[in-house]
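Written below as structure tokens is the structure these notes are about.
The values are calculated or read from the model by the stated rules, or taken from the named source; none is laboratory data. Quick caveat: nothing in here was measured; it's all calculated off a predicted structure. Cβ coordinates were reconstructed from backbone atoms using ideal geometry, including for glycine residues, and neighbour counts include every protein chain displayed.
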Amino acid sequence: MLTTTEDLKIESTRLKDIKSPADLRELEVGELEIIAQDLRETIIETVSKTGGHLGPSLGVVELTLALHYVFNTPKDKLVWDVGHQVYAHKLLTGRQEQFPTLRQYKGLSGFPKFKESEYDAFETGHSSTSISAALGMTSAKELKGDKDKVVAIIGDGSMTAGLAFEALNQAGHLDKDLIVILNDNEMSISENVGAMSSFLSRQLTSKTVRRLRKHISTRLKELHGVGDRFLNVLKKSEENIKSFFTPAMLFEALKFYYIGPISGHELEDLIPTLENIKDNVDGPVLVHVITQKGKGFKPAEKNPGNYHGLGPFDIKTGIPHSSSGPISYTEVFGNTICDIAANNPDVVAISAAMPAGTGLSNFSREFPERFFDVGIAEQHAVTFAAGLAVEGIQPVVAIYSSFFQRALDQIIHDVCIPNLPVTLAIDRGGVVGDDGPTHHGVFDISFLRFIPNITYMAPKDENELQHMLHTAISLSSPAAIRYPRGAGEDVEMDKELTRIEIGKGELLREGKDILLLPIGNRVYPAMRAADGLEKLGIDAAVINPRFIKPLDNDLICKWAEKTGRVVTVEDNSEHGGFGSLVLELLSASKLFSVKTHLLGHPDHFVEHGPQKTLWKISKLDSPAIINAAMELMKN
């Protein structure tokens, strides 16, 4: 008889006693329920203080326990897709003491990291990579004669990306012993169907049934002619039964052995199914697991979208701690595109599974027929926008900077070569904070500025952003606007939108000694640096370029030549970024005597931490700009 949760509270091993997954494997299955309870409490308590991806991690607590219980990790590899659901995984793999430092500077990453643990089999922060990586690992193990298992755990949202299906296609073709867990946290399934699916999954993967199927198949094949017909009938009967209860046909067509759907919160179903797969199933197999996002925390269960990723919150109410301050750049973008669309029926908005994150929630409600959420499919989003533009529609594609990286070829090939009027709204341009290197948007200036035909802008504040969006949509050619995460500068917002003259910067401050040339969110720190330099007797000019492409060559060259010294500042990699563009301009203009100092993020991946801390470390804040200017003055 299964021990009750109440009894286990007194007698059972608790999470604090689990130093590694090996300790889990010493427990009875029933005891894992208390570990699951402890995991949820720890995750909720920590994330309420640090912020993080609460809903995804709460939804996979039992699944994580079952995987580590059944598979011999770290020899068997768990490859987590996206990686924002690994909090329980981290707690079970020797990181309980460090867990309160989650997403804090110098603390635990919110994603899998090689340097943190041998249990983190693959580093990830973007979606849909797990099956490709796991297939590569499986193939490598086979080449080495290694029999250990590899398991890819992929969320249903990640299955909307083409990369996942490219990997499934090859995996089925290669017929490798790859296990894929489809963590489906959106599909509703009735109790009866769930029970039947659990029964079928356990029975169809059991050793006896697998052996019987193989024996019958062998014997029928020996009966020439009639045996083949019987075998086909049996196969079709099994396929029809499974397809009636499950969405098996797609994965079976890709040559995966499909199992499920089964409940992802019932350890009594999960563990025997996984054990049967581990021991009895050869070739690629996909296990369809139904989970509830945010399970165990009522506010997250009711509104899973609001608790996917959030800042610190009150545990009792689930309400995020208020953060008063200026309106965010994302909010300004969302408000402005709604205002523009109200007067322009040709404007449409496109999101890649991030309508709330990119400020498009209001647009989706006000203009549902003109809003398109393409799922986690950035490449498709851009080419889809190109198709809309061909027919005279004015699409705005709003995606985070780090995710636009995935669509670079489509931006070049499908938008810029045919010179189509597609607007790219590049949110999170620059460091984003606690999500770390996979999410920092510090490369978009470098990878977009070299593309012909594109107009590329960066606002100094939220007021300028609204005018830039209006300007971009009014063009008959490709345009992009990069703007940072977080609050604006609390400036007054103009009530009427105006078009900015293309390629024209603005002189914010005259000066005879040195030119400060910041871009985007570094303009205000540069202005404060100019004030500080004035107190030191240095007269600094400041230009807001506004345009990365086309650059205001005349304005920049005039003041570079007048001062003889230029400091560029950007929230982007200094390699190939805005500063490099200015150097190219000075060289082309034969201003060889102008001394320069480029400030940008150095040539390594920026770790997670508060934005202000990261700007300080990369020497992009006002004191660093003052120091750079002083050094240039000495030289």
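Results, tabulated for the structure shown:
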item	result
Matching option when the condition is under 21 Å from Gly309 (Cβ atoms) and surrounded by fewer than 21 Cβ atoms within 10 Å (Cβ to Cβ), among Glu28, Glu116	Glu116
Selection within the range 400-434 - assigned to a loop (DSSP other than H, G, I, E, B), of a type in the set (D, E, K, R) and surrounded by fewer than 24 Cβ atoms within 10 Å (Cβ to Cβ)	Asp434
Tally of residues being in contact (Cβ under 8 Å) with a residue 40 or more places away in the chain and surrounded by 17 or more Cβ atoms within 10 Å (Cβ to Cβ) across the range 586-598	0
Positions within the range 481-495 being of a type in the set (Gly, Ala, Ser) and not in a loop (DSSP other than H, G, I, E, B), in sequence order	Ala487
Cross-chain or 6+ apart pairs with Cβ under 7 Å, the range 32-45 first and without any contact (Cβ under 8 Å) to a residue 12 or more places away in the chain, then not in a helix (DSSP H, G or I)	none
Test for Leu286: is it crowded, with 16+ Cβ neighbours inside 10 Å and either in the same structural domain as Glu31 (by TED's automatic domain parsing) or more than 29 Å from the chain's Cα centre (by Cα) (or both)	yes
Every residue from the range 494-506 that is surrounded by 15 or more Cβ atoms within 10 Å (Cβ to Cβ) and either at pLDDT below 95 or in contact with a helix residue (DSSP H, G or I) (Cβ under 7 Å, 6 or more places away or on another chain) (or both)	Leu497, Ile500, Gly505
Criterion: of a type in the set (Gly, Ala, Ser) and over 29 Å from Thr50 (Cβ atoms) - qualifying residue of Gly576, Gly609, Gly600	Gly576
Criterion (more than 20 Å from Ala529 (Cβ to Cβ) and either part of a helix (DSSP H, G or I) or out of contact with any Pro (no Cβ under 8 Å at 6 or more places or on another chain) (or both)) met by exactly one of Leu614, Leu583	Leu583
Long-range neighbours under 7 Å by Cβ, at least six apart or interchain, first residue over 17 Å from Arg485 (Cα atoms) and outside the structural domain of Ala389 (by TED's automatic domain parsing) within the range 399-414, second modelled with pLDDT under 95 and surrounded by fewer than 23 Cβ atoms within 10 Å (Cβ to Cβ)	none
Filter pass, Asp346 being in contact with a helix residue (DSSP H, G or I) (Cβ under 8 Å, 6 or more places away or on another chain) and surrounded by fewer than 18 Cβ atoms within 10 Å (Cβ to Cβ)	no
Residue list for the range 610-631, restricted to those being buried (at least 19 other Cβ atoms within 10 Å of the Cβ) and either charged (D, E, K, R) or at pLDDT below 95 (or both)	Asp621
Leading residue by the ranking (farthest from His439 (Cα to Cα)) among those in the range 313-344 that are free of Cβ contacts under 8 Å to residues at least 24 places away in the same chain and not small (Gly, Ala, Ser)	Asn343
Filter result (assigned to a loop (DSSP other than H, G, I, E, B) and surrounded by fewer than 23 Cβ atoms within 10 Å (Cβ to Cβ)) within the range 507-528	Glu510, Gly511, Lys512, Asp513
Criterion violated by Trp559 - all others in (1) of a type outside the set (Asp, Glu); (2) in contact with a helix residue (DSSP H, G or I) (Cβ under 9 Å, 6 or more places away or on another chain); (3) closer than 26 Å to Leu465 by Cβ satisfied	(2)
From Ala152, Ala161, residue being assigned by TED's automatic domain parsing to the domain that holds Gly83, crowded, with 22+ Cβ neighbours inside 10 Å, at pLDDT 95 or above and not hydroxyl-bearing (Ser, Thr, Tyr)	Ala152
Residue within the range 44-53 that is at pLDDT 95 or above, out of contact with any Asp or Glu (no Cβ under 8 Å at 6 or more places or on another chain) and within 23 Å of Asp148 (Cβ to Cβ) present	no
Residues of the range 274-289 that turn out to be among the polar types (S, T, N, Q) and either touching a strand residue (DSSP E or B) at 6+ places or on another chain (Cβ under 6 Å) or farther than 24 Å from Ala253 by Cα (or both), as a count	0
Long-range neighbours under 6 Å by Cβ, at least six apart or interchain, first residue assigned to a loop (DSSP other than H, G, I, E, B) within the range 105-120, second aromatic (Phe, Trp, Tyr) and buried (at least 17 other Cβ atoms within 10 Å of the Cβ)	Pro112/Trp80
Pairs where the first residue, in the range 349-370, is outside the structural domain of Ala398 (by TED's automatic domain parsing) and the second is modelled with pLDDT of 95 or more and hydroxyl-bearing (Ser, Thr, Tyr), C-beta under 9 Å, 6+ apart	none
Condition met for Leu54 (under 23 Å from the mean Cα position of the chain (by Cα), within 20 Å of His288 (Cα to Cα) and in contact (Cβ under 8 Å) with a residue 12 or more places away in the chain)	no
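Yes/no matrix, rows are residues, columns are (1) of a type in the set (Phe, Trp, Tyr); (2) touching a helix residue (DSSP H, G or I) at 6+ places or on another chain (Cβ under 8 Å); (3) assigned to a helix (DSSP H, G or I):
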site	(1), (2), (3)
Gly294	no, yes, no
Gly325	no, no, no
Ala341	no, yes, yes
His380	no, yes, yes
Gly392	no, no, no
